[in-house]
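The values are calculated or read from the model by the stated rules, or taken from the named source; none is laboratory data. Source: prediction; values computed, not measured. Here the Cβ positions follow ideal geometry from the backbone for every residue, glycine too, while neighbour counts run over all protein chains shown.
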Amino acid sequence: MNAKQADALAQQVSLHIQGGQIDTGYTLLAPVISNKIPFRYLDRIGKVLGAQPFAQTKPLLQQLASSQTIGAWPIIGMALAGRLEDDLAGVLALTHLFIIEGDTWHSTDSTGERVVGPALVENFDQTITLLTPWREDENRWVRRSLGVATHLWTKRAKGNPELSARAASLLDLLSPLFEEKEMDAVKGIGWGLKTLGRYYPELAAPWLLEQVVHQQRPYRATMLRKALTYLPEEARQHIKPA
(Lines give C-alpha, C1' and ligand atoms only; values in the text may rest on other atoms or scores of the structure.)
Protein backbone atom coordinates (compact mmCIF):
# COMPACT_ATOMS: atom_id res chain seq x y z
CA MET A 1 0.00 0.00 0.00
CA ASN A 2 1.08 3.57 -0.71
CA ALA A 3 -0.34 6.94 0.28
CA LYS A 4 -2.48 7.24 -2.85
CA GLN A 5 -4.00 3.81 -2.28
CA ALA A 6 -4.63 4.58 1.39
CA ASP A 7 -6.43 7.81 0.51
CA ALA A 8 -8.52 6.09 -2.15
CA LEU A 9 -9.52 3.32 0.25
CA ALA A 10 -10.41 5.85 2.94
CA GLN A 11 -12.66 7.73 0.55
CA GLN A 12 -14.34 4.51 -0.53
CA VAL A 13 -14.97 3.47 3.07
CA SER A 14 -16.27 6.95 3.86
CA LEU A 15 -18.88 6.68 1.11
CA HIS A 16 -20.12 3.42 2.60
CA ILE A 17 -20.25 4.99 6.06
CA GLN A 18 -22.32 7.85 4.72
CA GLY A 19 -24.68 5.34 3.16
CA GLY A 20 -25.03 3.42 6.42
CA GLN A 21 -23.17 0.42 5.00
CA ILE A 22 -20.90 -0.16 7.98
CA ASP A 23 -20.33 -3.85 7.33
CA THR A 24 -19.24 -3.13 3.77
CA GLY A 25 -16.85 -0.47 5.00
CA TYR A 26 -15.39 -2.91 7.50
CA THR A 27 -15.04 -5.59 4.82
CA LEU A 28 -12.91 -3.21 2.78
CA LEU A 29 -10.68 -2.48 5.77
CA ALA A 30 -10.37 -6.06 7.03
CA PRO A 31 -7.47 -7.09 4.74
CA VAL A 32 -5.63 -3.88 5.57
CA ILE A 33 -5.84 -4.14 9.35
CA SER A 34 -4.90 -7.83 9.22
CA ASN A 35 -1.66 -7.31 7.30
CA LYS A 36 1.56 -5.49 8.08
CA ILE A 37 0.71 -2.11 6.61
CA PRO A 38 2.92 0.81 7.70
CA PHE A 39 1.19 2.84 10.37
CA ARG A 40 1.60 6.07 8.39
CA TYR A 41 -0.88 4.74 5.83
CA LEU A 42 -3.29 3.51 8.48
CA ASP A 43 -3.06 6.96 10.06
CA ARG A 44 -4.08 8.53 6.75
CA ILE A 45 -7.14 6.30 6.59
CA GLY A 46 -8.10 7.14 10.16
CA LYS A 47 -7.73 10.86 9.56
CA VAL A 48 -10.16 10.75 6.64
CA LEU A 49 -12.66 8.70 8.63
CA GLY A 50 -12.37 11.15 11.50
CA ALA A 51 -13.65 13.91 9.24
CA GLN A 52 -16.95 12.07 8.74
CA PRO A 53 -20.00 12.62 10.98
CA PHE A 54 -19.08 10.84 14.19
CA ALA A 55 -22.49 9.26 14.72
CA GLN A 56 -21.97 7.43 11.43
CA THR A 57 -18.32 6.56 12.02
CA LYS A 58 -18.58 5.30 15.61
CA PRO A 59 -20.16 1.89 14.74
CA LEU A 60 -17.29 1.19 12.34
CA LEU A 61 -14.72 2.11 14.99
CA GLN A 62 -16.41 -0.25 17.43
CA GLN A 63 -16.29 -3.01 14.86
CA LEU A 64 -12.62 -2.32 14.22
CA ALA A 65 -11.90 -2.47 17.96
CA SER A 66 -13.58 -5.86 18.15
CA SER A 67 -11.27 -7.21 15.45
CA GLN A 68 -8.37 -7.49 17.92
CA THR A 69 -5.88 -6.60 15.18
CA ILE A 70 -2.89 -4.30 15.62
CA GLY A 71 -3.71 -2.49 12.40
CA ALA A 72 -7.12 -1.38 13.61
CA TRP A 73 -5.76 0.87 16.34
CA PRO A 74 -3.96 3.54 14.33
CA ILE A 75 -7.16 3.98 12.31
CA ILE A 76 -9.27 4.20 15.47
CA GLY A 77 -6.83 6.57 17.13
CA MET A 78 -6.64 9.02 14.25
CA ALA A 79 -10.39 8.94 13.72
CA LEU A 80 -10.96 9.80 17.38
CA ALA A 81 -8.28 12.49 17.30
CA GLY A 82 -10.21 14.22 14.56
CA ARG A 83 -13.04 14.85 17.03
CA LEU A 84 -10.98 16.24 19.92
CA GLU A 85 -11.67 19.86 19.09
CA ASP A 86 -15.42 19.26 18.93
CA ASP A 87 -15.90 17.02 21.97
CA LEU A 88 -12.83 16.61 24.14
CA ALA A 89 -14.60 15.00 27.10
CA GLY A 90 -16.66 12.68 24.92
CA VAL A 91 -13.68 11.54 22.87
CA LEU A 92 -11.59 10.83 25.97
CA ALA A 93 -14.47 8.90 27.53
CA LEU A 94 -14.79 6.78 24.39
CA THR A 95 -11.02 6.32 24.23
CA HIS A 96 -11.12 5.07 27.82
CA LEU A 97 -13.65 2.42 26.77
CA PHE A 98 -11.62 1.44 23.71
CA ILE A 99 -8.44 1.06 25.79
CA ILE A 100 -10.25 -1.37 28.07
CA GLU A 101 -11.77 -3.26 25.16
CA GLY A 102 -8.44 -3.47 23.34
CA ASP A 103 -6.79 -4.99 26.43
CA THR A 104 -3.30 -4.93 24.89
CA TRP A 105 -0.21 -2.75 24.88
CA HIS A 106 -0.61 -1.85 21.22
CA SER A 107 -4.20 -0.64 21.55
CA THR A 108 -3.19 1.41 24.60
CA ASP A 109 -0.10 2.92 23.02
CA SER A 110 -1.81 3.66 19.70
CA THR A 111 -4.61 5.59 21.38
CA GLY A 112 -2.27 7.14 23.94
CA GLU A 113 -0.05 8.59 21.23
CA ARG A 114 -2.84 9.55 18.84
CA VAL A 115 -5.63 10.70 21.16
CA VAL A 116 -4.71 11.19 24.82
CA GLY A 117 -1.30 12.75 24.21
CA PRO A 118 -2.51 15.11 21.47
CA ALA A 119 -5.38 16.12 23.76
CA LEU A 120 -2.77 17.31 26.26
CA VAL A 121 -0.95 19.18 23.50
CA GLU A 122 -4.08 20.90 22.22
CA ASN A 123 -5.95 21.57 25.47
CA PHE A 124 -3.67 20.90 28.42
CA ASP A 125 -5.62 22.24 31.38
CA GLN A 126 -8.97 20.67 30.57
CA THR A 127 -7.40 17.40 29.49
CA ILE A 128 -5.29 16.92 32.61
CA THR A 129 -8.40 17.51 34.71
CA LEU A 130 -10.27 14.85 32.75
CA LEU A 131 -7.35 12.42 33.00
CA THR A 132 -6.75 12.74 36.74
CA PRO A 133 -9.36 10.07 37.67
CA TRP A 134 -7.64 7.64 35.30
CA ARG A 135 -4.81 7.31 37.84
CA GLU A 136 -7.15 5.32 40.08
CA ASP A 137 -8.74 3.28 37.32
CA GLU A 138 -8.80 -0.43 38.03
CA ASN A 139 -7.68 -1.21 34.48
CA ARG A 140 -3.91 -1.34 34.12
CA TRP A 141 -3.99 -0.29 30.47
CA VAL A 142 -5.86 2.89 31.33
CA ARG A 143 -3.19 3.72 33.91
CA ARG A 144 -0.48 2.90 31.37
CA SER A 145 -2.00 5.33 28.88
CA LEU A 146 -1.18 8.26 31.17
CA GLY A 147 2.51 7.51 30.80
CA VAL A 148 2.18 7.13 27.03
CA ALA A 149 0.34 10.45 26.79
CA THR A 150 3.00 12.11 28.95
CA HIS A 151 5.68 10.77 26.62
CA LEU A 152 3.91 12.24 23.58
CA TRP A 153 3.34 15.64 25.17
CA THR A 154 6.94 15.88 26.39
CA LYS A 155 8.36 14.83 23.04
CA ARG A 156 6.34 17.59 21.37
CA ALA A 157 7.37 20.16 24.01
CA LYS A 158 11.07 19.39 23.42
CA GLY A 159 12.17 21.00 26.66
CA ASN A 160 10.60 24.38 25.92
CA PRO A 161 11.17 26.34 29.16
CA GLU A 162 7.88 28.16 28.65
CA LEU A 163 6.14 24.80 29.15
CA SER A 164 8.02 23.84 32.33
CA ALA A 165 4.97 24.42 34.52
CA ARG A 166 3.03 21.93 32.43
CA ALA A 167 5.85 19.41 32.62
CA ALA A 168 5.74 19.78 36.41
CA SER A 169 1.99 19.18 36.30
CA LEU A 170 2.59 15.93 34.45
CA LEU A 171 5.02 14.82 37.15
CA ASP A 172 2.27 15.56 39.65
CA LEU A 173 -0.16 13.55 37.53
CA LEU A 174 2.13 10.53 37.51
CA SER A 175 3.22 10.83 41.14
CA PRO A 176 0.57 8.48 42.61
CA LEU A 177 1.52 5.92 39.95
CA PHE A 178 5.18 5.73 40.95
CA GLU A 179 4.27 2.79 43.19
CA GLU A 180 2.46 0.96 40.37
CA LYS A 181 2.86 -2.83 40.60
CA GLU A 182 1.35 -4.08 37.33
CA MET A 183 4.24 -4.39 34.90
CA ASP A 184 2.15 -3.49 31.85
CA ALA A 185 1.31 -0.19 33.49
CA VAL A 186 4.81 0.30 34.91
CA LYS A 187 6.35 0.21 31.43
CA GLY A 188 4.07 2.95 30.12
CA ILE A 189 4.38 5.17 33.18
CA GLY A 190 8.14 4.68 33.18
CA TRP A 191 8.18 5.66 29.51
CA GLY A 192 6.58 8.97 30.38
CA LEU A 193 9.06 9.59 33.22
CA LYS A 194 11.94 8.64 30.94
CA THR A 195 10.95 11.26 28.36
CA LEU A 196 10.40 13.90 31.04
CA GLY A 197 13.90 13.13 32.28
CA ARG A 198 15.27 13.63 28.79
CA TYR A 199 13.68 17.01 28.11
CA TYR A 200 13.13 18.39 31.61
CA PRO A 201 15.93 16.89 33.76
CA GLU A 202 15.95 19.96 36.00
CA LEU A 203 12.41 18.99 37.05
CA ALA A 204 12.57 15.22 36.81
CA ALA A 205 15.76 14.75 38.85
CA PRO A 206 14.61 16.49 42.06
CA TRP A 207 11.16 14.94 41.67
CA LEU A 208 12.69 11.45 41.47
CA LEU A 209 15.04 12.18 44.37
CA GLU A 210 12.01 13.09 46.46
CA GLN A 211 10.19 9.85 45.61
CA VAL A 212 13.11 7.47 46.07
CA VAL A 213 15.31 8.98 48.78
CA HIS A 214 13.26 11.41 50.83
CA GLN A 215 9.88 9.66 50.81
CA GLN A 216 11.37 6.17 50.31
CA ARG A 217 8.36 5.09 48.30
CA PRO A 218 8.19 1.49 47.07
CA TYR A 219 8.62 1.04 43.33
CA ARG A 220 9.36 -1.55 40.67
CA ALA A 221 12.96 -1.66 39.46
CA THR A 222 11.78 -1.13 35.89
CA MET A 223 10.10 2.13 36.89
CA LEU A 224 13.29 3.55 38.39
CA ARG A 225 15.48 2.29 35.57
CA LYS A 226 13.36 4.01 32.95
CA ALA A 227 13.07 7.22 34.95
CA LEU A 228 16.86 7.41 35.35
CA THR A 229 17.68 6.76 31.69
CA TYR A 230 18.42 10.31 30.52
CA LEU A 231 19.24 12.03 33.80
CA PRO A 232 22.76 13.46 34.22
CA GLU A 233 25.21 11.14 35.92
CA GLU A 234 25.57 13.44 38.92
CA ALA A 235 21.83 13.35 39.52
CA ARG A 236 21.75 9.58 39.07
CA GLN A 237 24.37 9.14 41.77
CA HIS A 238 22.17 10.89 44.32
CA ILE A 239 19.03 8.94 43.46
CA LYS A 240 19.70 5.69 45.23
CA PRO A 241 17.52 3.83 47.73
CA ALA A 242 18.40 4.56 51.34
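Results for (1) farther than 24 Å from Pro201 by Cβ; (2) within 16 Å of the chain's Cα centre (by Cα), shown as yes or no for each residue.
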{"residue": "Leu130", "(1), (2)": "yes, yes"}
{"residue": "Asp137", "(1), (2)": "yes, yes"}
{"residue": "Val142", "(1), (2)": "yes, yes"}
{"residue": "Leu146", "(1), (2)": "no, yes"}
{"residue": "Ala149", "(1), (2)": "no, yes"}
{"residue": "Leu163", "(1), (2)": "no, no"}
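Among the residues of region 29-47, count how many are of a type in the set (A, V, I, L, M, F, W, C) and buried (at least 22 other Cβ atoms within 10 Å of the Cβ). If you could, list the steps in order and put the result at the bottom.
First, the residues of region 29-47 that are of a type in the set (A, V, I, L, M, F, W, C): 29-30, 32-33, 37, 39, 42, 45.
Adding the requirement that they be buried (at least 22 other Cβ atoms within 10 Å of the Cβ) leaves 29, 42, 45.
Residues in region 29-47 being of a type in the set (A, V, I, L, M, F, W, C) and buried (at least 22 other Cβ atoms within 10 Å of the Cβ): 3 in total.
Can you tell me which of Pro133, Pro74 is within 23 Å of Ser34 (Cα to Cα) and at pLDDT 95 or above? Outline the logic, then answer.
Values: Pro133 fails: within 23 Å of Ser34 (Cα to Cα).
Going through Pro133, Pro74 in turn, the sole match is Pro74.
Residues in region 86-128 that are of a type outside the set (Ser, Thr, Tyr), farther than 26 Å from Leu163 by Cβ and outside any helix (DSSP H, G or I): how many?
Number of matching residues: 1.
Across region 151-160, what is the total count of residues that are within 19 Å of Thr222 (Cβ to Cβ) and either among the basic types (Lys, Arg) or free of Cβ contacts under 8 Å to residues at least 40 places away in the same chain (or both)?
The number of residues fulfilling the criteria is 0.
Filter region 61-98 down to residues that are of a type in the set (S, T, N, Q) and closer than 17 Å to Ile45 by Cα and give me whichever is surrounded by the most Cβ atoms within 10 Å (Cβ to Cβ). Can you show your working first?
Filtering region 61-98 for residues of a type in the set (S, T, N, Q) gives 62-63, 66-69, 95.
From what's left, closer than 17 Å to Ile45 by Cα: 62-63, 67, 69.
On the way: Gln62: 15, Gln63: 16, Ser67: 16, Thr69: 18.
Checked region 61-98; the qualifying residue surrounded by the most Cβ atoms within 10 Å (Cβ to Cβ) is Thr69.
Any chance you could count how many residues in region 1-26 are over 17 Å from Ile76 (Cα atoms) and of a type in the set (D, E, K, R)?
1
Sort through Leu177, Leu163, Leu224 and tell me the only one that's without any contact (Cβ under 8 Å) to a residue 12 or more places away in the chain, surrounded by 17 or more Cβ atoms within 10 Å (Cβ to Cβ) and hydrophobic (A, V, I, L, M, F, W, C). First the steps, then the outcome.
Details: Leu177 fails: without any contact (Cβ under 8 Å) to a residue 12 or more places away in the chain; Leu224 fails: without any contact (Cβ under 8 Å) to a residue 12 or more places away in the chain.
Among Leu177, Leu163, Leu224, only Leu163 is without any contact (Cβ under 8 Å) to a residue 12 or more places away in the chain, surrounded by 17 or more Cβ atoms within 10 Å (Cβ to Cβ) and hydrophobic (A, V, I, L, M, F, W, C).
Specify which of the listed residues (Ala93, Ala81, Ala89) is out of contact with any Ser or Thr (no Cβ under 8 Å at 6 or more places or on another chain), at negative phi and free of Cβ contacts under 8 Å to residues at least 24 places away in the same chain.
On the way: Ala81 fails: free of Cβ contacts under 8 Å to residues at least 24 places away in the same chain; Ala89 fails: free of Cβ contacts under 8 Å to residues at least 24 places away in the same chain.
Only one candidate qualifies: Ala93.
State all residues of region 192-208 that are within 15 Å of Tyr219 (Cβ to Cβ) and either surrounded by fewer than 17 Cβ atoms within 10 Å (Cβ to Cβ) or touching a Lys or Arg at 6+ places or on another chain (Cβ under 7 Å) (or both); if no residue qualifies, say none.
Those that are within 15 Å of Tyr219 (Cβ to Cβ) and either surrounded by fewer than 17 Cβ atoms within 10 Å (Cβ to Cβ) or touching a Lys or Arg at 6+ places or on another chain (Cβ under 7 Å) (or both): Leu193, Lys194.
Quick test for you: out of Lys187, Lys155, pick the one residue that is surrounded by fewer than 24 Cβ atoms within 10 Å (Cβ to Cβ), of a type in the set (Lys, Arg), closer than 14 Å to Ala227 by Cβ and at pLDDT 95 or above. Walk me through how you get there before you give the answer.
On the way: Lys155 fails: closer than 14 Å to Ala227 by Cβ.
From the options Lys187, Lys155, the qualifying one is Lys187.
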